[in-house]
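The values are calculated or read from the model by the stated rules, or taken from the named source; none is laboratory data. Note that this is a predicted model, so its numbers are computed, not measured. All Cβ positions, glycine included, derive from the backbone under ideal geometry; neighbour counts span all protein chains shown. Just the protein is used for accessible areas: all its heavy atoms, side chains included, with ligands, DNA and RNA removed. Shrake-Rupley method; radii C 1.70, N 1.55, O 1.52, S 1.80 Å.
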Amino acid sequence: KAKQQGRDTYAVYAEDLNESLSMRVTLRNELQEAIRQEQLHLNYQPQVDQAGRICGIEALVRWRHPVKGFISPAEFIPVAEETGQIIQLGRWVTTQTCRDAKQLLDIGLLTSRVAVNLSTLQFHRPGFVASLLDILKQTDLPPTYLELELTESILMRNSETAIGLLHILRDKGISASIDDFGTGYSSFSYLKDLPVESVKIDKTFVDNVTTDRKDAAVCKGIITMAREMGMKVIAEGVETREQFELLKGFGCDMFQGYYFARPMSFEKLVDWMKSGLPDSTK
Ligand code: C2E
Ligand code: MG
Ligand code: MG
Ligand code: MG
């Protein structure tokens, strides 16, 4: 019976594997169409300081498939990384972000940076900095308005090169932050050599910060250490007032999450930013 069960399990597993493989092939082909036919668009999620004022914006890519509807970036970014399509997709994301940021700047709304997420392949590709500077030039956005979100794994891979690149970017005025901090394998000691402006505490620690003492300890530890090293800390996935208050008490500088604002279209972002201004400037 056990053997029988084992074989069934295996058969099911093999089927799943096949299905997911063919699904990925389909996804790859459809993604190519999506990039070409402008099925992709960006959402923007504001980040706020301790007083609740906007202090940053993150660009998040969205794919509205003509038949399948909304597909999550968590699903298609890994495929795009595997196939190399992330290069093309990433270039589109960065260009569109800079264009939108420039528009915000021109209407007097942009007072902080706009962040884009980068994949390993993008960051470690020869010519990355040149192509980034090219996009900034094309869109006429001053580099100080751009921030790059990098993961620990991007920075761990070939860390000498990564540190070198970060210094070049910093010299150009472009800042960087470490995304999903605490979920990777980076050691605290290596963080001290990284020229990054901020670290983003991963949502998984924020989720239970008010109920789990260990998660609270992780958040507190990251905040204390990063601040001592001269970096800013931003908490991601803040959904409640209690999480916000507690993290603020720990000394967290910035916050991002549904409690303040969900990711939204560029048009909605403009309205959101306008409504946060004093009446006289609207
Ligand atoms: P991330 O960079 O860590 O982005 C934060 C994710 O958390 C976003 O999911 C955002 O919508 C979600 N989020 C923010 N606040 C809350 C909250 O309070 N509650 C909950 N439940 N979720 C919240 P999203 O947009 O689905 O993106 C998922 C991941 O996909 C991103 O994680 C990022 O790693 C990746 N991604 C998104 N856009 C791009 C892109 O243009 N390029 C690359 N390379 N990756 C991207
Ligand atoms: Mg991010
Ligand atoms: Mg993140
Ligand atoms: Mg995350």
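Quick one: accessible area per residue over the chain, 1.4 Å probe, rounded to a whole number of Å²? It would help to have the intermediate numbers written out before the result.
On the way: 14980 Å² over 282 residues.
The answer is 53 Å² per residue.
Restricting to Cα pairs below 8 Å that are 6+ residues apart, what does the relative contact order work out to for the stretch 209-281? Please round to a whole percent. Don't skip to the answer; put the middle values down first.
Values: 57 pairs, mean separation 19.9, N = 73.
Once normalised by length, the contact order is 27 percent.
Which of the aspartates and glutamates could be linked to residue 172 by a straight reach, that is with a Cα gap under 12 Å, when you skip same-chain ones fewer than 8 residues away?
147
Report the calculated FRET efficiency for residue 172 and residue 67 (r = Cβ-Cβ distance, R0 = 45 Å), to the nearest 0.05.
On the way: r = 42 Å, r/R0 = 0.93.
Rounded to the nearest 0.05, the efficiency is 0.60.
Given a cut-off of under 8 Å on Cα pairs at least six residues apart, what relative contact order in percent is computed for the stretch 83-171? Show your work: numbers first, answer last.
On the way: 71 pairs, mean separation 30.0, N = 89.
About 34 percent, as a whole number.
Taking 0.36 nm per intervening residue step and subtracting the Cα-Cα distance, what contour gain separates residue 217 from residue 240 on full extension? Display every interim value, and only then the final one.
Values: separation 23, 0.36 × 23 = 8.28 nm, distance 1.85 nm.
That pair, residue 217 and residue 240, stretches by 6.4 nm at full extension.
Compare the peptides 154-161, 111-118 by average per-residue count of other Cβ atoms within 10 angstrom and give them in order, highest first. Before the final figure, lay out each step's value.
Working: 154-161: 15.5, 111-118: 20.9.
Packing proxy ranking, top to bottom: 111-118, 154-161.
For the stretch 27-85 and the stretch 167-197, what is the separation of their Cα centres, given in Å?
Here the answer is 23 Å between Cα centres.
Pairs of alpha-carbon atoms within less than 8 angstrom and 6+ residues apart define the contacts here; what relative contact order does the stretch 149-252 have, in percent? Write down the numbers at each step before the final one.
Working: 142 pairs, mean separation 24.5, N = 104.
Taking the mean separation of contacting Cα pairs over the length of the stretch 149-252, I get 24 percent.
Ignoring everything except DSSP H segments at least 4 long, calculate the 222 nm mean residue ellipticity for the chain; use -39,500 (n - 2.57) per segment, divide by total residues, nearest 500.
On the way: 12 runs with 147 residues, N = 282.
Taking each H run of at least 4 residues, the total per residue is -16500 deg cm²/dmol.
Taking all protein chains as present, what is the carbon and sulfur share of the accessible area of the chain, in % to the nearest whole number, probe 1.4 Å? Each step should come with its number before you reach the end.
Values: 7660 of 14980 Å².
Its accessible area is 51 percent carbon and sulfur atoms.
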